[in-house]
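Below is one structure, written out as structure tokens, with a few remarks after it.
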Amino acid sequence: MNWITKIIKAGEKIKSAIHKRASKEDIANSDWTSCCKGPILKKDLEENLWVCPDCNKHHRIKPKQRFDILFGKDNYKIFQTPIPKDDPLNWTDSKSYKDRLKSVRKKTGMDCGMMVVSGVINDIKITAVASDFDFLGASMAAAEGEAFLYGIQHAIENKTPFLCVSAGGGMRMMESLISLSQMTRTTLAINELKNNYLPYLVCITDPTAGGITASYAMLGDIHIAEPEALIAFAGARVIQGTVKEELPEGFQKSEYVEKTGFIDLIVERKDLAEKIGTLLSILLKKNSVISTEQDETTENTQSLSKIA
């Protein structure tokens, strides 16, 4: 091998090293992530509640990070929810469903894609559930359905409002009709909660789509969403191909969905705990202003009765 060949081969190795793509695992284990202006330290993003300080993008976060923001660092109780039999249909595609579950449980540290907790906001005890998008896209299967029902049952037994932080792409295909049945089960559970006169609040985060949007994510007494969250049933390209029309700008983003009346409020992450506390105080008639107004109304009524 002459010196010219050596130089060419060395150059190819350098070029290959430069253009080599980092794996998802490398990115996940890195101290950096990316946003509008390029690389940003995860530590800096975390200090801003995982919201970009430049473009205000609300990055996806895990249930524990979510509950740390809402209730305070580790200031909540995590429940162990029932886990049905894995892989009831013996599903296999490029790899078996059992292997997928084993891998994602190791990655997330969760037994299923939903975490159920109890915590306190504004002196109000709350039962809450949140989904982890890293757990098979936060899709719904039997285990997630059991977690949701466990949370609702806990709320009813302890007479607490229920907060659902929704995320996910819909029902999980590996469990077919078993997965689809969770739409019915969660709907019936929410109806039972409302029969007990307990508030059901939904905080919609990016992305919330498919059967999740078509069931428990759109049955709240009040619907809150984070800025720029994707809220959809079918994909935008599927809809555009069906209706044969150009879709409006920002179609399926929370701002557009609010404008068309499907959600009530868009609230930034830093304000969520305060806003949820205020709304629950009003719904549960624990708000001091409302109590004062009620007392004044009662006194006025009594005075009018005496005059009459």
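Just so you know, all these numbers are worked out from the coordinates, no wet-lab data involved. For clarity, every value in this text was computed on a predicted model and none was experimentally measured. Cβ atoms come from the backbone with ideal geometry, glycine included; neighbour counts cover every protein chain shown.
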Check: Fully extended, how many nm does the chain gain between Lys102 and Phe233 (0.36 nm per residue separation, minus their Cα-Cα distance)?
Finding: 44.3 nm
Notebook entry, point to check: Tell me, what is the percent relative contact order of the stretch 118-234, built from C-alpha pairs under 8 Å that lie six or more residues apart?
Noted result: 25
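What does the charge count around Phe251 come to, taking other residues whose C-beta lies under 14 Å from its C-beta (Lys +1, Arg +1, Asp -1, Glu -1)?
On the way: positive: Arg237, Lys253, Lys259; negative: Glu228, Glu245, Glu246, Glu249, Glu255, Glu258.
Net local charge, Phe251 excluded: -3.
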Checklist line | Packing-based exposure ordering (other Cβ within 10 Å, fewest first) of Tyr200, Tyr76 | finding: Tyr76, Tyr200
Checklist line | Separation of the Val120 and Thr187 label points, Cα + 7 Å toward Cβ, nm | finding: 3.8
Notebook entry, point to check: What net charge is computed for the residues neighbouring Met174, neighbours being all others with C-beta under 15 Å from the C-beta of Met174, Lys and Arg scored +1, Asp and Glu -1?
Noted result: +1
Notebook entry, point to check: Taking a spot 7 Å from the Cα of Phe79 along the direction of its beta carbon, which residues of the stretch 166-198 have an amide N less than 20 Å from it?
Noted result: 166-167, 182-198
Next item on the list: Can you tell me the FRET efficiency between Cys55 and Ser176 if r is taken as the Cβ-Cβ distance and R0 is 45 Å, rounded to the nearest 0.05?
Entry: 0.70
Check: Assuming R0 = 45 Å, what is the FRET efficiency of Lys95 and Lys285, from their Cβ-Cβ distance, to the nearest 0.05?
Finding: 0.30
Check: Using the Cβ atoms and a cut-off under 11 Å, what net charge is assigned to the surroundings of Cys36, where Lys and Arg are +1 and Asp and Glu are -1?
Finding: +1
Note to self: With a cap of 12 neighbouring Cβ atoms within 10 Å, and only residues DSSP puts in a loop, list the trypsin sites (Lys or Arg not before Pro) found in the stretch 186-263.
What the structure shows: Lys244
Checklist line | Within the stretch 207-250, GluC sites (Glu not before Pro) in DSSP loop having at most 11 other beta-carbon neighbours inside 10 Å | finding: Glu245, Glu246, Glu249
